[in-house]
1. Looking at segment 246-258, can you tell me whether even one residue there is hydroxyl-bearing (Ser, Thr, Tyr), in contact (Cβ under 8 Å) with a residue 60 or more places away in the chain and open to solvent by less than 50 Å² (accessible area, probe 1.4 Å)?
2. Tell me, yes or no, whether segment 32-39 has at least one residue that is of a type in the set (A, V, I, L, M, F, W, C) and not in a strand (DSSP E or B).
3. Just the residues that are among the polar types (S, T, N, Q) and either surrounded by 20 or more Cβ atoms within 10 Å (Cβ to Cβ) or within 19 Å of residue 97 (Cα to Cα) (or both), please, taken from segment 1-46.
4. For segment 70-116, which positions are part of a loop (DSSP other than H, G, I, E, B), open to solvent by 20 Å² or more (accessible area, probe 1.4 Å) and closer than 22 Å to residue 158 by Cβ?
5. Would you pick out the residues in segment 260-285 that are under 19 Å from residue 214 (Cβ atoms), aliphatic (A, V, I, L, M) and open to solvent by less than 10 Å² (accessible area, probe 1.4 Å)?
6. In the list 126, 163, 144, which residue meets the criterion of being at pLDDT below 90, among the charged types (D, E, K, R) and either open to solvent by 80 Å² or more (accessible area, probe 1.4 Å) or assigned to a loop (DSSP other than H, G, I, E, B) (or both)?
7. If I filter segment 302-312 down to residues being under 8 Å from residue 283 (Cβ atoms) and in contact (Cβ under 8 Å) with a residue 60 or more places away in the chain, which single residue comes out as most open to solvent (accessible area, probe 1.4 Å)?
8. Would you please name the residue that is nearest to residue 46 (Cα to Cα), looking only at residues in segment 171-215 that are among the charged types (D, E, K, R) and surrounded by fewer than 17 Cβ atoms within 10 Å (Cβ to Cβ)?
Amino acid sequence: MPDSIDIYICSKPFQYFNARNLPKDKERTNILIIENRFKDADLFYKSVIANDHDWSTVLFVKTRLQVLLICLFKYRPARLYYYLDWLLVPALMLYFIPCKNIYIYEEGIGSYRTDIFKNLARYKRKIRELFGVYEYPGFHPRVKGMYVYCKEYYLKKLAPYSKHKTLNAFSFNMSFPNMLENNKELAKELFQFNIQRAFPHLKNKRLVLYITSWPLNESFFDVVNLEEYDYCIIKPHPHITDVDSFNKWKNDCTIIINSIILSEFLIKQLLDENNTLDIYHCSSTALLYLSEHPNIRKVINLTHGLIEFDQIFNGIRSECEHSDIPAS
């Protein structure tokens with residue numbers, strides 16, 4: 001029956017794990033839809049089918065139009081969980097989906113931002129207003145609420161901008177670090193990546209990890225003395241499809257991680273092997289909920305001048321210190 005169907009939609013692995021952390025009634029039909037918006041998405045979809053049996057059905061789509069058609073003609077969801085409502089096309093899609101209970105869930109630091117459309121041209125802002133599309137996460141008129149890991153911070157940050165509706169914020173089933181711990185074995189199977197098998201020599205080593213930006217920021221190679229480390233690990237951004245572009249830096253002491261494994265799970269595997277880590281990134285949300293660990297010596301952001309990012313990052317980290325989410 002239509003009232004027994006819930007649909008969860010994700011467009012990248014990070015969202016997939018957050019979707020698994022949303023409320024789910026096992027007595028209902030729970031359908032996961034994976035959008036083809038990241039490297040090796042089709043392989044990830046097949047891996048989910050093979051390894052994750054929490055879903056009644058897993059579907060793979062190439063466009064948002066297919067998502068809309070599925071909800072119009074194949075399944076009529078009673079509840080729908082999507083990952084954003086503030087970009088024009090997905091916001092318009094949400095208007096047409098025949099579902100009374102639509103929720104948005106956190107997809108990283110963007111879910112707390114207020115500056116996404118700060119520099120938008122005036123005519124584009126008028127177009128958005130004409131179609132009833134708002135600038136802030138969780139503000140869509142059809143959205144019942146937003147699932148976030150830092151509920152109090154979200155409300156404090158976004159509520160002052162809400163004049164047309166009352167914001168509702170809900171918590172995930174587990175804190176982000178607990179979610180990582182509970183899914184670490186599943187992640188090894190889904191990403192087909194086990195550090196012990198792939199790189200057995202990465203144990204008790206001094207490592208530098210670079211979580212790249214997209215497009216690639218090469219400044220890392222200018223500011224870091226690689227001779228200080230046993231190995232340099234480069235984790236390309238999931239939107240970088242041409243990993244061969246990293247070959248010019250590849251050598252016996254530099255390892256390129258070709259897997260789309262989340263940086264959070266990669267860090268956990270490296271720490272589980274008692275490696276010491278220095279982590280460099282370019283405003284990556286992968287470090288947002290990084291748990292305190294004695295083997296993480298430092299975390300350096302190579303991007304400067306992103307005031308909004310720094311405010312949110314520090315605000316969430318501060319809240320984590322007073323919650324069940326450990327902060328580094």
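The values are calculated or read from the model by the stated rules, or taken from the named source; none is laboratory data. Values in this document were obtained by computation on a predicted structure and should not be read as measured data. Positions of Cβ are generated from backbone atoms using ideal geometry, with glycine treated the same way; all protein chains shown enter the neighbour counts. With ligands, DNA and RNA removed, areas are computed over all heavy atoms of the protein, side chains included. Shrake-Rupley method; radii C 1.70, N 1.55, O 1.52, S 1.80 Å.
1. no
2. yes
3. The answer is 4, 11, 15, 18, 21, 29, 30.
4. Answer for segment 70-116, where residues must be part of a loop (DSSP other than H, G, I, E, B), open to solvent by 20 Å² or more (accessible area, probe 1.4 Å) and closer than 22 Å to residue 158 by Cβ: 87, 107, 113, 114, 115, 116.
5. 261, 266, 267, 279 - these are the residues of segment 260-285 that are under 19 Å from residue 214 (Cβ atoms), aliphatic (A, V, I, L, M) and open to solvent by less than 10 Å² (accessible area, probe 1.4 Å).
6. Of 126, 163, 144, the one residue that is at pLDDT below 90, among the charged types (D, E, K, R) and either open to solvent by 80 Å² or more (accessible area, probe 1.4 Å) or assigned to a loop (DSSP other than H, G, I, E, B) (or both) is 163.
7. 303
8. By that ranking, first place goes to 189.
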